[in-house]
């Protein structure tokens, strides 16, 4: 490729394809590069949730809600079926103490403009009749939804291609050289020249960063998921325990009443129904490098926690288990930022929120590269926060 692209996006997951689409939409000449295919890694191993309920009150929640608000129009805009549904989500609280913590969280989120409401014991059982009868209460988030994550990435990529983006797939990047006013990206299939680079490689972002001398503090945080057989409707929407917040952010002094196996594997119950009448069960969190093998101890902990909240699940078969890698940063916030290397940008580190935050991330990255003002101050997502 002898032409010099305006933007080269490295990584064709939900974040990278979104960055390619929104840059192309602004009129930039874009190339999307990936060592594999579209949604070949983390994006194909997620549950597709579009949530604000699992964000911290303040910037985190506001940023996520801005992204969530873009989804209702995306299917028509991308001209691709992404299976967007918006049924809300339900957090479950096991104890009075959890209910009080959730109530304070609900109040703080409402101040950020997030629609939430607390539900008492009977309201929760009326909402989901198959729940265990001793569930204390719950917290409903009205706006939460879900998509088909692989479809979302394909939708972004193909829409970008229609706008002139070149898809350079199955083409690993082996090196990057910074020239005076452009980058030479050395790839398996030949060099690609670009004025700007967006590093959207998720857990592999540090590998690409080292090619330009940047130390990017992203680690792989593994999560496992169980998939059920096709069955009756156990629950009508996403249901998860409020303890998920405690395992995600590893904060607070509250200890959940769980078994040693659940605690050891950092498992918190998550239930997600699918359009095919299966359901997904998660979630676990562990630092095991880039290992995506499913471990029986984790699978047993996931099943144990699922049966605790929905006893009926004990009689439903699991047909598959798989693992994915969340790109984790030390402060649980993504990096959506320029860097000290002029023209080199990072859009990575979204942990388990890459699907949900993809539209707003792509929009902001396109604005940054074009020199336009982003919809809000993104200094909290700056790469510089990790530079001493």
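The test for being on the phi > 0 side of the Ramachandran plot, modelled with pLDDT of 95 or more and in a loop (DSSP other than H, G, I, E, B) holds for residue 213. Screening residue 243 with (1) touching a strand residue (DSSP E or B) at 6+ places or on another chain (Cβ under 8 Å); (2) buried (at least 16 other Cβ atoms within 10 Å of the Cβ); (3) over 20 Å from residue 354 (Cα atoms) gives one miss only, at (1).
When 132, 102 are screened for being in contact (Cβ under 8 Å) with a residue 60 or more places away in the chain and either surrounded by 19 or more Cβ atoms within 10 Å (Cβ to Cβ) or touching a strand residue (DSSP E or B) at 6+ places or on another chain (Cβ under 6 Å) (or both), only 102 passes.
When residue 261 is tested against (1) surrounded by fewer than 17 Cβ atoms within 10 Å (Cβ to Cβ); (2) modelled with pLDDT under 95; (3) more than 30 Å from residue 185 (Cβ to Cβ), just one condition goes unmet, and that condition is (2). Among (1) surrounded by fewer than 24 Cβ atoms within 10 Å (Cβ to Cβ); (2) within 22 Å of residue 186 (Cα to Cα), where does residue 86 come up short? It is condition (2) that residue 86 fails.
One line per residue, one yes/no per condition, for (1) at pLDDT 95 or above; (2) in a loop (DSSP other than H, G, I, E, B); (3) under 28 Å from residue 92 (Cα atoms); (4) touching a helix residue (DSSP H, G or I) at 6+ places or on another chain (Cβ under 7 Å):
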site: 205; (1), (2), (3), (4): yes, no, no, no
site: 208; (1), (2), (3), (4): yes, no, no, no
site: 230; (1), (2), (3), (4): yes, yes, yes, no
site: 234; (1), (2), (3), (4): yes, yes, yes, yes
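In the set (1) at pLDDT 95 or above; (2) more than 27 Å from residue 88 (Cβ to Cβ); (3) exposed (fewer than 15 other Cβ atoms within 10 Å of the Cβ), residue 314 fails one condition alone, (2).
Of the helices (runs of 4 or more DSSP H) lying entirely inside segment 1-88, those carrying at least 2 residues that are touching a helix residue (DSSP H, G or I) at 6+ places or on another chain (Cβ under 6 Å) are 14-25, 59-68.
Yes or no: residue 300 touching a helix residue (DSSP H, G or I) at 6+ places or on another chain (Cβ under 9 Å) and surrounded by fewer than 20 Cβ atoms within 10 Å (Cβ to Cβ)? Criteria met by residue 300.
The condition of being closer than 23 Å to residue 12 by Cα, buried (at least 17 other Cβ atoms within 10 Å of the Cβ), modelled with pLDDT under 95 and not assigned by TED's automatic domain parsing to the domain that holds residue 374 holds for only one of 324, 289, 282, that being 324. Residues that are closer than 23 Å to residue 80 by Cα, in contact with a strand residue (DSSP E or B) (Cβ under 8 Å, 6 or more places away or on another chain) and not in a loop (DSSP other than H, G, I, E, B) within segment 159-180 comprise 160, 161, 166, 167, 168, listed in sequence order.
Scanning segment 182-199 for residues that are assigned to a loop (DSSP other than H, G, I, E, B) and under 16 Å from residue 170 (Cα atoms) yields 188, 189.
Would it be correct to say that residue 245 is at pLDDT 95 or above, out of contact with any helix residue (DSSP H, G or I) (no Cβ under 6 Å at 6 or more places or on another chain) and outside any loop (DSSP other than H, G, I, E, B)? Spelling it out, it is not the case that residue 245 is at pLDDT 95 or above, out of contact with any helix residue (DSSP H, G or I) (no Cβ under 6 Å at 6 or more places or on another chain) and outside any loop (DSSP other than H, G, I, E, B). Here residue 149 clears all of (1) closer than 21 Å to residue 245 by Cα; (2) within 21 Å of the chain's Cα centre (by Cα) except the condition numbered (1). Scanning segment 306-355 for residues that are in contact with a helix residue (DSSP H, G or I) (Cβ under 6 Å, 6 or more places away or on another chain) and assigned to a helix (DSSP H, G or I) yields 306, 307, 313, 314, 354, 355.
The values are calculated or read from the model by the stated rules, or taken from the named source; none is laboratory data. Because the structure is a prediction, the values reported are computed rather than measured. Please note: Cβ atoms are built from the backbone with ideal geometry, for glycine as well, and neighbour counts cover all protein chains shown.
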